[in-house]
Amino acid sequence: MPDLPDLEGVLSRLIRSQLDFVVIGGFAAVAHGATLVTQDVDICCGFSPDNLLRLQAALAGLHPVHRTPARPPLRLSAETSREVHNLYLDTDFGPLDCLGRVKGIGPFPVVKRRSVAVELPAGVCRILSIDALIEAKQAMGRRRDREAVIELKAIRERQRRGPEPADANGR
């Protein structure tokens, strides 16, 4: 298992599978310009059976297992998918946390409305907007989240101000 998640590899597979999802957490913060280090990929997604089966297909070949002591492999069916609300998985590309709701924001449909589209080599991917990400991090309240909020607010303020004017030398 790699030390850091293969973000590009995971997102490429999720995008190609047409999974309905939004990147949240540390990698969403990094996409907005934060300098955080994160050990897993966090997404919020629709937990319909069809969407979960697309997730399972996207992860095929990456040996996804539940991050529990027994580490059973991911095996979903249309019937068992109805009982799933969150998935905490280890894959060959690193840890992947799949949530049905985001604390401070709400369930997936609200998260999706509060996201922005970014163009990646594999296609369009949605990430939590900076405002929603700040709200989610504040709701989590952990030390690392409070630190991320400070940085994200500074980034948001710089974005609102726009680019710095060039000096007389064009710098």
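Residue check: is Val111 crowded, with 20+ Cβ neighbours inside 10 Å and of a type in the set (Val, Ile, Thr)?
Answer is yes for this residue.
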Given (1) modelled with pLDDT of 95 or more; (2) small (Gly, Ala, Ser); (3) exposed (fewer than 14 other Cβ atoms within 10 Å of the Cβ), number of the condition Gly141 does not satisfy
(1)
Unmet requirement for Asp20, which otherwise passes all of (1) under 17 Å from Ile127 (Cα atoms); (2) of a type outside the set (Gly, Ala, Ser); (3) modelled with pLDDT of 95 or more; (4) out of contact with any Lys or Arg (no Cβ under 9 Å at 6 or more places or on another chain):
(4)
With respect to Gly123, determine if the residue is more than 22 Å from Ala34 (Cα to Cα) and touching a residue at least 60 places away in the same chain (Cβ under 8 Å).
yes
Segment 114-171, residues that are among the polar types (S, T, N, Q) and over 26 Å from Ser17 (Cα atoms):
Gln138, Gln159, Asn169
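The values are calculated or read from the model by the stated rules, or taken from the named source; none is laboratory data. Bear in mind the structure is a predicted one, so any value in this text is a computation, not a measurement. When we count neighbours, we look across all protein chains shown, and the Cβ atoms used for this are built from the backbone with ideal geometry, even at glycine.
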